[in-house]
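> Before anything else, here's the structure in question.
The values are calculated or read from the model by the stated rules, or taken from the named source; none is laboratory data. Predicted model only: the values in this text are computed from it and were never measured. So basically every Cβ, Gly included, is an ideal-geometry build from the backbone, and we count neighbours across all protein chains shown. The accessibility values were calculated without ligands, DNA or RNA, using every heavy atom of the protein model including side chains. Shrake-Rupley method; radii C 1.70, N 1.55, O 1.52, S 1.80 Å.
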Amino acid sequence: MKKAGPIGVFDSGYGGLTVLKALTTQLPAYDYLYLGDNARVPYGTRSFETVYQYTLECVEALFAQGCQLVILACNTASAKALRSIQQNDLPKIAPQRRVLGVIRPTTEEAGLLTKSGHLGVLGTSGTVLSNSYPIEIAKFYPELTVSQEACPMWVPLVENNEHLGPGADYFLAKHLEALLQKDPAIDAVILGCTHYPLLQSRLEELSKGKIKFIAQGALVAKKLELYLRRHPEIAALCSKSGSRSFLTTDDARIFEEKARLFYGETVVARHIDLSSISFSPDA
Ligand code: DGL
């Protein structure tokens, strides 16, 4: 029997902390180990191959720290790397461990979010170009009309804490208007990037309350709870002493300063050097 470990939560940077917050609220008893690849953020503008390689390295680093279950709390990584890792890598390196993403749990609920049947998705260029949201939504709700818009400036605005200033409004309005021009009947918009919940209140104001913006943290947490109930063998591999630990590939002090904005509380972080991690495949 394998030793139980913390639930690994991975993001390219700070955005996944919004998902971690929802997970710890919904499922507080578990241990969580967060890894932010802050040294290499953003992933949103990088190629498929690069996002896949970076994500796999981070998943292996979390496995090496004892995680048996890892959540890719990053839409870009979920869109570009999850399937390859699940289908090609896990069977070879860790057949009993699990890696889950954030797109599927969000799209499973998509039909419940819109009344008009016209749904919008905002995300990074990588997520939008992958077409993952429309493809996944069509599997559950083929009758929905889905339009997407890439917002390449939004992650840098949030990362630099400039997202609520007047300069940010220009870019928020620009992409919101572009999305609504594609389909004026949209009444609900999925915030398909883990950084975007920090923009939610401003987006609601800009749309004059006419559009519902959906942050995915709570949806992911709800689905994880159901998943662990359906898979007691995986739940048994997730330790439960209520601990939260934080790793970053960049400077730990900078991570601690910025994390509060996303996580809502002070954290203590440790630097991790990915080049020094070696994960030996499970037997
Ligand atoms: N947090 C990532 C996501 O959800 C975006 C940040 C990045 O571009 O690395 O897509």
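> When you go through (1) within 16 Å of the ligand (Cβ to nearest atom); (2) touching a residue at least 12 places away in the same chain (Cβ under 8 Å); (3) more than 16 Å from PRO281 (Cβ to Cβ); (4) open to solvent by 40 Å² or more (accessible area, probe 1.4 Å) one by one for ALA29, which number turns out not to apply?
Evaluating ALA29 over (1) within 16 Å of the ligand (Cβ to nearest atom); (2) touching a residue at least 12 places away in the same chain (Cβ under 8 Å); (3) more than 16 Å from PRO281 (Cβ to Cβ); (4) open to solvent by 40 Å² or more (accessible area, probe 1.4 Å) leaves (1) as the failure.
> Additional query: Going residue by residue through the stretch 120-129, is there one that turns out to be within 22 Å of GLU204 (Cβ to Cβ) and either more than 14 Å from the ligand (Cβ to nearest atom) or among the small types (Gly, Ala, Ser) (or both)?
Yes.
> Residues of the stretch 104-131 being open to solvent by 20 Å² or more (accessible area, probe 1.4 Å), under 14 Å from the mean Cα position of the chain (by Cα) and within 13 Å of VAL189 (Cα to Cα), which ones?
none
> Also: Which one of SER280, SER239, SER207 is open to solvent by 30 Å² or more (accessible area, probe 1.4 Å) and over 17 Å from the mean Cα position of the chain (by Cα)?
That would be SER280, the only listed residue that is open to solvent by 30 Å² or more (accessible area, probe 1.4 Å) and over 17 Å from the mean Cα position of the chain (by Cα).
> Right, another one. Against the conditions (1) within 16 Å of the ligand (Cβ to nearest atom); (2) at pLDDT below 95, where does PHE171 fall short? Just the number, please.
Result: PHE171 passes all but (2).
> Which residue is nearest to the chain's Cα centre (by Cα), if the candidates are limited to the stretch 132-165 and must be without any contact (Cβ under 8 Å) to a residue 12 or more places away in the chain and under 19 Å from ALA259 (Cα atoms)?
My answer is ASN160.
> Does LEU20 satisfy the condition of being out of contact with any Ser or Thr (no Cβ under 7 Å at 6 or more places or on another chain), open to solvent by less than 20 Å² (accessible area, probe 1.4 Å) and more than 9 Å from the ligand (Cβ to nearest atom)?
Against the criterion (out of contact with any Ser or Thr (no Cβ under 7 Å at 6 or more places or on another chain), open to solvent by less than 20 Å² (accessible area, probe 1.4 Å) and more than 9 Å from the ligand (Cβ to nearest atom)), LEU20 qualifies.
> Within the group PRO134, PRO91, PRO42, which residue is open to solvent by 10 Å² or more (accessible area, probe 1.4 Å), within 29 Å of ARG270 (Cβ to Cβ) and outside any strand (DSSP E or B)?
Criteria check complete, one pass: PRO42.
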